[in-house]
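Step one of this worksheet: look at the structure below.
Where a number appears in this text, it was derived from the coordinates with a stated rule and is not lab data. All values derive from a computational prediction rather than experimental measurement. Glycine gets a Cβ as well: all are built from the backbone with ideal geometry, and neighbour counts include every protein chain shown.
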Amino acid sequence: MSQVLRLGVIGDPVAHSISPAMQQPALDAMSVNAVYERWQTSASELPERIASLRAPCMLGANVTVPHKQAVMALLDDVSPLAQQVGAVNTIVSKDGRLSGDNTDVYGFATALLEACSDVANRRVVVLGAGGAARGVALALSQIGAPSITIANRNADRAHTLCKELGFANLQSTTLANAPFVDADILINATSLGWHAGETPIDQQALASLPPDALVVDLTYRDTDLLDAARDRGLATLDGLGMLVYQGALAFERFTGRPAPLDVMWSAARLARAPRL
Ligand code: NDP
């Protein structure tokens with residue numbers, strides 16, 4: 001019998017990650033003889049964890065908070081896209097070499113285009129300027145959104161994001177000054193939303209959105225923001241599609257096989273925890 005291959009998700013914490021629940025059924029469905037594990041890894045343990053991926057039995061790893069930036073220096077090569085985003089979420093191990101890539105950009109773009117086919121005609125406001133917002137801004141620019149405003153609590157961080165990405169259609173502001181009236185698509189890419197009562201903006205702001213606006217939340221379950229948007233009759237999209245599509249592309253990179261999307265969607269829906 002062939003050797004069991006290994007892969008996993010690296011983060012701190014990783015107990016909450018639904019990647020194992022989504023990737024293992026996908027491996028099984030495609031008859032890949034591999035186990036997908038949870039690799040709780042502190043910052044000081046990161047170099048040793050990454051080095052362990054060079055073993056012949058390793059296919060690679062997904063990387064989550066807070067190591068998406070720190071792993072970049074420990075790899076043999078990093079794709080131009082991951083360098084532009086400044087974050088690696090997928091490491092492929094081949095012949096002892098480790099290559100880093102970013103599949104979050106693809107995951108977000110695929111999920112958004114499924115929900116809204118004319119992004120190229122929509123003005124977008126992104127709440128947040130962290131790692132996820134950076135990938136979202138890049139994806140929106142690639143898709144051709146005509147105007148992208150990054151609105152963040154810390155306005156300097158939003159300004160830096162726009163300057164570093166350098167696209168002409170990007171501008172920055174504070175959360176309070178976000179141009180809601182002009183937001184055909186509003187995207188919550190802050191870390192607020194996982195708990196009841198958490199929203200990055202006053203929900204009254206939703207009243208200023210155009211009536212055909214789409215409200216997106218990267219949180220991969222229902223949030224107060226999405227509830228309030230639905231109450232106002234607005235279209236909504238949560239972050240589960242982004243999670244599934246980034247995982248599907250990572251699966252293809254790890255295994256060289258097509259991702260069984262239906263299996264991954266069902267597993268992700270089952271594993272998604274209820275709101276805290
Ligand atoms: P970061 O820590 O890099 O950024 C956090 C962002 O949230 C910053 O813009 C920060 O603003 C803002 N923020 C935090 N607290 C507050 C607050 N109290 N009020 C206003 N703004 C606040 O996180 P990530 O970018 O990595 O992740 C953001 C979210 O996206 C998370 O919920 C994550 O789970 C989700 N995500 C979902 C994915 C999916 O597949 N669906 C993939 C990746 C991420 P400031 O700069 O002012 O501190």
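Structural remarks
- Helical contribution to [θ] at 222 nm, DSSP H n ≥ 4, -39,500 (n - 2.57), averaged over the chain, rounded to 500: -10500 deg cm²/dmol
- Averaging over all projection directions, the Cα-based convex hull of the chain occupies 14.1 nm² in the image plane.
- Positive contributions from Lys and Arg (+1) and negative ones from Asp and Glu (-1), summed over other residues with Cβ under 12 Å from the Cβ of A178, come out at 0.
- Cα-based Rg and Dmax for the range 106-238, where Dmax is the largest Cα-Cα distance (Å): 13.2, 37
- Label separation (H159 vs S266): 5.2 nm, computed from points 7 Å beyond Cα along the C-beta direction.
- Antiparallel bridges, percent of DSSP beta bridges restricted to the chain (to nearest 5): 20 percent
- Shape of the range 206-276, Cα gyration tensor, a/c cut at 1.5: prolate
- Helix 131-143 axis, angle to the chain major axis (alpha carbon atoms, nearest 10°): 80 degrees
- Mean separation of Cα contacts under 8 Å (6+ apart) over length of the chain, as relative contact order %: 17 percent
- Whole-number D in µm² s⁻¹ for the range 9-128, Kirkwood Cα-pair radius fed into Stokes-Einstein, 20 °C, 1.002 mPa s: 136 µm²/s
- Note on T174 and A15: with the Förster distance fixed at 30 Å, the Cβ-Cβ geometry gives a FRET efficiency of about 0.30.
- Length-normalised contact order of the range 106-238 in % [C-alpha pairs under 8 Å, at least 6 apart]: 21 percent
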